[in-house]
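The values are calculated or read from the model by the stated rules, or taken from the named source; none is laboratory data. Predicted model only: the values in this text are computed from it and were never measured. All Cβ positions, glycine included, derive from the backbone under ideal geometry; neighbour counts span all protein chains shown. Areas reflect the complete protein model, heavy atoms only, side chains present, ligands, DNA and RNA absent. Shrake-Rupley method; radii C 1.70, N 1.55, O 1.52, S 1.80 Å.
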Amino acid sequence: MAVHASVLEDGSTLSRLDRGLYRIERVLALISGLAVFGLMVLAVLSVSGRNFFNQPLPGYVDWIQQAMPLIAFMGIAFAQRDGGHIRMDILVGALRGRVLWAAEFVTTLAMLVLMVLLVWGSFAHFQRSFDFAAPMWSRDSSFDIHLPLWPAKLLAPIAFSVLCVRLVLQLWGYGRALWLGLSEPIAVPLVKSAAEQAAAEAELLSDTDG
Amino acid sequence: MEPIDIGIAVTAVLFVLVVLGMRVAFAAALAGLVGLIWIFWSKKGYDPDEFGWALSVAVKTAGQVPHSKVSSQALSLIPTFIMIGYLAYYAGLTKALFEAAKRWVGWLPGGLAVSTVFATAGFAAVSGASVATAAVFARIAIPEMLKIGYDKRFAAGVVAAGGTLASLIPPSAILVIYAIIVEQDVGKLLLAGFIPGVVSALIYAGLIVGMALAMPGFGPPVGGFTWGQRLRALPPALPIVFVVVIIIFFIYNPLGGDAWGTPTEGGALGAFVVFVMALLRGMRWRQLRDALMETAKLSVMIFTIIWGVLIYVRFLGFADLPGAFSNWITSLEMPPLLILVCILLAYAVLGMFMDAIGMLLLTLPVVYPAVMALNGGEFVSAADSAFGMSGPMCAIWFGILVVKMAEFCLITPPIGLNCFVVAGVRPDLSVQDVFRGVTPFFIADAVTIATLVMVPGIVLWLPSLA
Amino acid sequence: EEWNVSLWGKRRAFTEHVEKLAELVSDKTNGEFTLNISYGGLSKNTENLDGISIGAFEMAQFCAGYHRDKNPSITVLELPFLGVDSLEQEREISMAVYDHPAVQADLARWNATLVMPSPLPQYNVVGVGVAPESLADFEGFAVRATGGIGVAMAAIGAVPTSMSATEVRQALDSGVVKGVSFAPHAHMSFGTIETGEWWTTNLNPGTVNCPVVVNTDALNGLSDAHREALLGSVDEALDYYIDYYNSNTMERWGPALDERGIERVTFPESELAAFKEAAAGPAAQAWIEENSARGLPAQELYDLVTGMIGQ
Ligand code: NA
Ligand code: NA
């Protein structure tokens with residue numbers, strides 16, 4: 001039932017970069033999904049450990065807290081590539097052509113500025129928990145079983161950096177559309193036309209019997 | 001400029017960014033970051049030499065929020081509850097529920113829409129997230145309704161509204177978030193949502209029947225099912241009951257013994273059962289991968305909103321806007337029930353512009369203590385209280401009211417997450433179409449909320465047993 | 001001059017010294033220097049040291065056990081069975097440790113200066129089910145206990161189990177844990193006594209240490225008069241805190257137990273001595289080894305603490 005956003009592709013450098021990055025983004029998102037699955041397995045182990053072996057899973061909460069950043073961050077660029085993050089499109093939906101691409105360019109640029117700053121801020125957060133001289137390089141650890149927190153904290157700047165790369169590609173795409181006055185630019189999420197949707201829908205229904 | 005003025009100015013900037021179509025999570029984070037820079041710089045009297053310092057402190061303060069806020073055990077319920085929803089789709093539960101509902105109540109006026117409401121209510125018992133429920137049913141119910149001639153906007157509206165039931169009927173991610181913010185018993189809150197969820201579904205169904213009777217060409221009933229066909233439709237939907245029992249027993253043991261564990265564990269075990277069912281029904285790696293990808297995508301959307309809004313909330317903390325609001329509310333000289341109604345109305349207005357989770361995170365730290373104080377304090381007895389209920393019961397009652405309001409916000413324009421999701425799944429529908437289709441349900445929700453305010457027993461009966 | 005102060009939760013016995021300090025400072029400076037206290041608005045409690053280090057706010061409270069790697073030196077005060085028996089003694093020993101150069105250097109990594117402790121009484125267990133008659137009954141007993149207290153409970157065969165504070169009550173209701181180790185004010189505010197059936201009066205395995213710190217640059221940046229108004233008010237604020245905790249919380253504690261018919265479980269001295277021997281020595285030894293390896297004068301800090309108790 002995966003719905004693929006309509007991002008047009010061709011043989012250009014931009015499109016090849018877009019697809020290359022998309023492969024990475026999909027892997028990161030899958031890691032995030034597997035982490036959710038892992039949470040489920042962890043709970044099953046915890047419950048059965050307590051009830052059948054009278055031995056609770058040590059550090060259950062600590063492990064959950066380590067897994068959460070995987071779930072919360074790793075798919076962030078994947079969602080952006082497909083236009084998945086929530087927005088209000090009442091105004092944007094009414095725009096066409098160069099005005100539309102200009103609006104998209106501006107808001108995407110604002111996002112890029114924000115995310116570059118947050119890469120800085122979240123990396124600083126990581127750095128405060130990291131110390132080459134300390135045991136396990138740790139200057140901040142979890143409550144119960146004292147897991148070092150720096151690997152989990154490092155996930156934020158990593159995922160945010162991938163998002164920055166994605167935003168640069170989208171800026172390139174929107175900028176190109178704005179410059180050339182394109183109607184269907186590549187490498188940016190587009191609103192589908194009715195015919196494309198019908199085709200996608202038909203594919204979807206034959207795809208699964210959910 | 002005083003911090004409070006900065007708070008108001010930055011809030012205005014946030015609205016402009018959102019209207020311009022910037023992704024909400026990032027608009028909130030950007031507004032929060034700009035606000036933090038402003039506040040820190042103002043502390044140095046806007047000295048140009050100190051701008052670098054203010055920028056650095058603001059960026060580092062904001063940079064803590066994403067990791068800090070998502071690393072929470074309680075929030076781990078959210079992806080788990082979402083995953084149940086997607087796995088249930090592959091376990092065939094969505095189709096089975098919809099089919100059973102169709103055969104049993106399809107003969108009613110507006111039958112297919114009523115069936116959709118009951119099927120979403122049933123699905124709510126395994127799904128913890130409104131948006132996941134709306135997304136799944138948009139794929140199943142909308143095509144069927146379109147086939148027999150429903151208006152596509154109304155069909156989308158039914159699904160968007162039906163999806164909100166998932167947040168009252170346990171398991172519910174947003175009730176968990178409420179419990180975390182106000183530090184109340186997660187289990188009792190989850191139990192308390194059950195009956196109001198059912199009442200809500202009945203009121204939706206009543207509305208649809210009324211509309212079908214009043215409007216010619218609304219969408220024909222689907223009748224002609226024999227009792228044999230009806231009974232045969234039940235067994236495929238029965239596993240839902242199994243999952244419900246697990247989740248309930250992990251919250252509260254109706255047989256009188258100890259509950260079996262915590263809600264976190266109950267949710268995960270429910271997911272595991274559904275996962276096994278999906279495997280038995282022939283789910284392969286490709287479908288599991290799709291379900292995990294969808295879970296990841298919806299989770300990251302929600303978590304991005306959570307940390308984005310919380311960067312903004314962190315800024316509000318420095319601007320002390322919540323404190324100013326609190327002082328104002330408690331200085332009002334009005335009957336407590338009237339103040340409560342005003343608060344709920346304020347939520348309705350705020351919810352037009354905000355996402356549900358963001359709204360609760362933003363307001364509860366301020367509003368919850370005020371409401372508890374209105375009732376007579378945290379430890380007040382039912383006899384001495386303003387609303388006729390003890391402190392802990394008031395916390396539960398207000399929680400259900402606020403979550404119902406927050407769910408209402410999921411279907412109100414301009415920012416209504418459920419409507420965005422339905423429009424996202426069905427690209428032939430614009431967000432505006434879905435908003436138009438869902439409008440009648442505003443009336444149903446208003447009736448539900450009024451009922452819950454007047455008859456608190458609907459909320460409080462179940463938790464009072466636990 | 002206005003300082004932001006990052007606390008968490010809501011105003012309670014545990015925060016009264018900061019509230020008092022704010023009042024005193026404002027009075028002494030005729031309102032020229034104010035402490036603007038925020039409960040959770042500025043930071044998460046486990047990240048108050050980060051906020052101090054960044055310079056986002058000037059004063060904050062945190063507990064050493066939240067993140068021992070951030071502040072290894074002061075976790076000496078959370079070792080099990082140190083034998084501290086009053087809030088006054090807890091205050092005195094904490095202040096002595098906070099004055100130690102190695103401790104000051106440890107906190108200086110966060111640009112933080114220790115100002116005062118938040119003395120808490122000994123933790124004890126509220127539990128459900130059959131009350132333990134001897135320490136042997138703790139074998140296989142699932143208990144919510146953290147830090148040094150968890151280590152101690154494990155030494156008598158209990159199983160320390162963690163969960164967030166909001167899930168403690170639920171965990172006790174549902175049998176995930178059979179007991180919860182808290183100070184009395186926390187037993188009351190997290191509702192464990194609503195479900196609990198018994199309370200240990202004298203297990204006293206230890207407590208947690210929660211200092212109040214200030215940003216060092218901000219402290220140095222104060223005028224002499226303002227710095228004197230701040231630091232000169234610490235003693236009075238702590239006097240007020242201890243009096244408040246003793247007369248308010250501890251006075252309510254006994255009646256709260258009686259109202260709910262909670263049984264008081266008292267263990268004989270001989271058993272406690274054995275418990276202490278099993279838990280205290282090894283935990284202290286492990287702490288000293290680990291923190292010597294970090295380059296801290298661990299033995300010296302440990303001796304400082306135990307020496308003061310011995311007096
Ligand atoms: Na639900
Ligand atoms: Na809304």
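Miscellaneous remarks
- Residues in the range B:56-75 that are more than 14 Å from C:G51 (Cα to Cα) and more than 8 Å from chain A (Cβ to nearest Cβ): B:K69, B:A74.
- Residue list for the range C:135-155, restricted to those being open to solvent by 10 Å² or more (accessible area, probe 1.4 Å) and touching a Phe, Trp or Tyr at 6+ places or on another chain (Cβ under 7 Å): C:L135, C:T146
- Residue count for the range C:46-69 satisfying the condition of being at the interface with chain B (Cβ under 10 Å from one of its Cβ atoms) and either open to solvent by 10 Å² or more (accessible area, probe 1.4 Å) or assigned to a helix (DSSP H, G or I) (or both): 7.
- Candidates B:K102, B:K95, B:K69, filtered to the one that is open to solvent by 20 Å² or more (accessible area, probe 1.4 Å), within 30 Å of A:S142 (Cα to Cα) and among the basic types (K, R): B:K69
- Scanning the range C:209-231 for residues that are in a helix (DSSP H, G or I), within 13 Å of another protein chain (Cβ to nearest Cβ), among the acidic types (D, E) and crowded, with 19+ Cβ neighbours inside 10 Å turns up nothing.
- With respect to the conditions (1) outside any helix (DSSP H, G or I); (2) open to solvent by 10 Å² or more (accessible area, probe 1.4 Å), B:I169 falls short on a single one, namely (2).
- Those residues of the range A:76-118 which are free of Cβ contacts under 8 Å to residues at least 60 places away in the same chain and farther than 19 Å from B:L30 by Cβ, in sequence order: A:F78, A:I90, A:A94, A:L95, A:R96, A:V99, A:L100
- B:W328 meets the conditions (1) farther than 25 Å from C:G9 by Cβ; (2) more than 14 Å from chain A (Cβ to nearest Cβ) in every case but one. The failed one is (1).
- Flag set for A:W172, criterion: open to solvent by 30 Å² or more (accessible area, probe 1.4 Å) and either in contact with a helix residue (DSSP H, G or I) (Cβ under 8 Å, 6 or more places away or on another chain) or not in a helix (DSSP H, G or I) (or both).
- Set C:D239, C:D258, C:D173, C:D243: member being free of Cβ contacts under 8 Å to residues at least 24 places away in the same chain, touching a Ser or Thr at 6+ places or on another chain (Cβ under 7 Å) and open to solvent by 10 Å² or more (accessible area, probe 1.4 Å): C:D173
- Counted residues, the range A:107-142 - those being at pLDDT below 95, open to solvent by 30 Å² or more (accessible area, probe 1.4 Å) and either farther than 17 Å from A:Q66 by Cα or at the interface with another protein chain (Cβ under 8 Å from one of its Cβ atoms) (or both): 5
- For B:T451, the conditions (1) within 14 Å of ligand 2 (Cβ to nearest atom); (2) open to solvent by 20 Å² or more (accessible area, probe 1.4 Å) are fulfilled apart from (1).
- Exactly one residue out of A:L100, A:L70 is part of a helix (DSSP H, G or I) and either facing chain B (nearest Cβ under 9 Å) or surrounded by fewer than 23 Cβ atoms within 10 Å (Cβ to Cβ) (or both): that is A:L100.
Yes/no per residue for (1) closer than 30 Å to A:P56 by Cβ; (2) open to solvent by 60 Å² or more (accessible area, probe 1.4 Å); (3) in a helix (DSSP H, G or I):
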site: B:L202; (1), (2), (3): no, yes, yes
site: B:G206; (1), (2), (3): no, no, yes
site: B:G210; (1), (2), (3): no, no, yes
site: B:P216; (1), (2), (3): no, yes, no
site: B:G223; (1), (2), (3): no, no, no
site: B:V241; (1), (2), (3): yes, yes, yes
site: B:I248; (1), (2), (3): yes, no, yes
site: B:F272; (1), (2), (3): yes, yes, yes
site: B:V276; (1), (2), (3): yes, no, yes
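- Residue in the range B:392-403 that is within 16 Å of ligand 2 (Cβ to nearest atom), within 30 Å of B:F154 (Cβ to Cβ) and modelled with pLDDT of 85 or more present: yes
This table checks each residue for (1) modelled with pLDDT of 80 or more; (2) of a type in the set (A, V, I, L, M, F, W, C); (3) within 16 Å of ligand 2 (Cβ to nearest atom).
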| position | (1), (2), (3) |
| --- | --- |
| B:L345 | yes, yes, yes |
| B:L350 | no, yes, yes |
| B:A356 | no, yes, yes |
| B:T363 | no, no, yes |
| B:M372 | yes, yes, no |
| B:G376 | no, no, no |
| B:A383 | yes, yes, no |
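- Any hit, the range A:25-40, residues being surrounded by fewer than 19 Cβ atoms within 10 Å (Cβ to Cβ), at the interface with another protein chain (Cβ under 7 Å from one of its Cβ atoms) and more than 23 Å from B:A135 (Cα to Cα): no
- Number of residues in the range B:243-273 that are touching a residue at least 40 places away in the same chain (Cβ under 8 Å), at the interface with chain A (Cβ under 10 Å from one of its Cβ atoms) and among the hydrophobic types (A, V, I, L, M, F, W, C): the value is 2.
- When the test is whether a residue is surrounded by 16 or more Cβ atoms within 10 Å (Cβ to Cβ) and of a type outside the set (D, E), A:F52 does not pass it.
- Among the residues of the range A:88-97, none is identified as of a type in the set (D, E, K, R) and open to solvent by less than 40 Å² (accessible area, probe 1.4 Å).
- Residue match in the range B:418-426 (condition: closer than 30 Å to B:Q184 by Cα and either within 16 Å of ligand 1 (Cβ to nearest atom) or more than 13 Å from the chain's Cα centre (by Cα) (or both)): yes
- Residues of the range B:418-448 satisfying the condition of being open to solvent by 20 Å² or more (accessible area, probe 1.4 Å) and of a type outside the set (V, I, T): B:F420, B:G424, B:P427, B:D428, B:S430, B:Q432, B:D433, B:R436, B:P440, B:F442, B:A446
Conditions (1) in contact (Cβ under 8 Å) with a residue 12 or more places away in the chain; (2) among the hydroxyl-bearing types (S, T, Y); (3) under 23 Å from B:L321 (Cβ atoms); (4) open to solvent by 10 Å² or more (accessible area, probe 1.4 Å), marked per residue:
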{"residue": "B:D49", "(1), (2), (3), (4)": "no, no, no, yes"}
{"residue": "B:T61", "(1), (2), (3), (4)": "yes, yes, yes, no"}
{"residue": "B:L77", "(1), (2), (3), (4)": "yes, no, no, no"}
{"residue": "B:I82", "(1), (2), (3), (4)": "yes, no, no, no"}
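- In the set (1) in contact (Cβ under 8 Å) with a residue 60 or more places away in the chain; (2) away from ligand 1 (no atom under 12 Å from the Cβ); (3) open to solvent by 10 Å² or more (accessible area, probe 1.4 Å), B:F194 fails one condition alone, (2).
- Within the range B:130-166, the residues that satisfy the criterion of being within 16 Å of ligand 2 (Cβ to nearest atom) and modelled with pLDDT under 90 are B:S130, B:V131, B:A134.
- Where C:G129 falls short, out of the listed (1) under 30 Å from C:I193 (Cα atoms); (2) touching a helix residue (DSSP H, G or I) at 6+ places or on another chain (Cβ under 9 Å); (3) touching a residue at least 24 places away in the same chain (Cβ under 8 Å): (2)
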